[in-house]
Amino acid sequence: MKESDFDRIYNNKKNETSQDEFSQVKHSVRHKQKERKIRKKRKKVNRLKSFLKFGLLVLLIFLTYEFFTLPGWYLAQDTFTKPNECKIEVLNNKIVPTYIIYNALKDVKVPHQPIFMMSVKPIKREIYQIPVMKNVFVRRYGFPARLQIIIRERIPIAIIKTDLKAKPAAFFTSDGVLVTNKHYMNLADNDDILKILTKPQTLKKEITVKRIREIEKIVKEVENYSGEKVEYIDMRNPNDVFVKIKTTSIRLGTLDSTVFERIKRIYTILPQITEVNSNIQYIDLSWDKVNYLKMKKNK
């Protein structure tokens, strides 16, 4: 091969290599230009998305603010001074009249905030001052804003009277609270609740939780051995106690340690009443080991 031919071949290959390198550089430049354009488009799209998100967030905050500032979320300023069932609904109160609960709330201030943010502690605090209240639950509702107060009252277990026909002077609850306020005697006078007759002066001195429990136990024993429900127990004379059942009265006398033994004798003497008709005044069990029927005096 001649030298000139070799140079020609070498130059051709060199030219081809240079063209390939140029085409590669040209392709790389075009690729980078495309990538730059794509990045610019992505930045524009991202900016648009960010703007839209910000706009939606501002709109959402505005709508939320407008929604929660609607009048339907707020209690009227006269809710507690002029209450009614549309604003305050009281449920489950059987002893305390509704107007007593309304009166207890008249000094509660209405806060200027949506009802779901309103604290119910001031409401409960005022209602718990009523001695009959055991538990209070307050529910809050919107559109329109209103309250629902659910009451759980203490359960009366004994009604205390100074006379059988008189209104209750007080009643004792199952958790040991003596209630004497006349406003709370509304539904306490129930036939299913034990009635205790006592003197006014002994009402607060001698009527205690322990004493009520003792009386309840005596009443249950009388009901067990007589088979009849006790209507009332007369303790106006503590040394001469009477228990009234449907058939007749039972004189227990002093409620000492022998009273339960004396009560057991009821079932032996009670059947004799049907044989003596309606002239019996009471069964006398006040004496130890002595039973007799007290007859009514003939006029």
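The table for this structure:
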| item | result |
| --- | --- |
| Test: residue in the range 166-185 that is of a type in the set (D, E) and farther than 19 Å from P131 by Cα | no |
| Pairs where the first residue, in the range 90-115, is at negative phi and touching a residue at least 40 places away in the same chain (Cβ under 8 Å) and the second is among the polar types (S, T, N, Q) and surrounded by 18 or more Cβ atoms within 10 Å (Cβ to Cβ), C-beta under 7 Å, 6+ apart | I101/N93 |
| Residue within the range 189-208 that is exposed (fewer than 14 other Cβ atoms within 10 Å of the Cβ) and of a type in the set (V, I, T) present | yes |
| Elements of type helices (runs of 4 or more DSSP H) contained in the range 166-269, each with 1 or more residues being within 36 Å of the chain's Cα centre (by Cα) and at pLDDT below 90 | 203-206, 209-226 |
| Among residues of the range 270-282, those that are under 49 Å from the mean Cα position of the chain (by Cα) and either among the polar types (S, T, N, Q) or at pLDDT 90 or above (or both), counted | 1 |
| Conditions (1) without any contact (Cβ under 8 Å) to a residue 24 or more places away in the chain; (2) within 27 Å of D192 (Cα to Cα); (3) of a type in the set (A, V, I, L, M): number failed by I130 | (1) |
| Hey, I150 surrounded by 20 or more Cβ atoms within 10 Å (Cβ to Cβ) and either under 16 Å from P83 (Cβ atoms) or of a type in the set (G, A, S) (or both) or not | no |
| Residue in the range 22-29 that is charged (D, E, K, R), in a helix (DSSP H, G or I), at pLDDT below 75 and out of contact with any helix residue (DSSP H, G or I) (no Cβ under 9 Å at 6 or more places or on another chain) present | yes |
| Test: residue in the range 224-233 that is among the aromatic types (F, W, Y), farther than 23 Å from I155 by Cβ and not assigned by TED's automatic domain parsing to the domain that holds T98 | yes |
| Scan of the range 104-126 for residues that are out of contact with any Leu (no Cβ under 7 Å at 6 or more places or on another chain) and part of a helix (DSSP H, G or I), ordered by number | A104, F116, M117, K121, P122, K124, R125 |
| The range 31-75 - residue that is outside any helix (DSSP H, G or I) and either at pLDDT 85 or above or loosely packed, with under 10 Cβ neighbours inside 10 Å (or both) and, of those, farthest from the chain's Cα centre (by Cα) | Y74 |
| Condition check for I218: among the aliphatic types (A, V, I, L, M) and within 22 Å of I159 (Cβ to Cβ) | yes |
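The values are calculated or read from the model by the stated rules, or taken from the named source; none is laboratory data. This is a predicted model, so every value here is computed, not measured. Because the Cβ atoms are built from the backbone with ideal geometry, glycine has one as well, and the counts that use them run over all protein chains shown.
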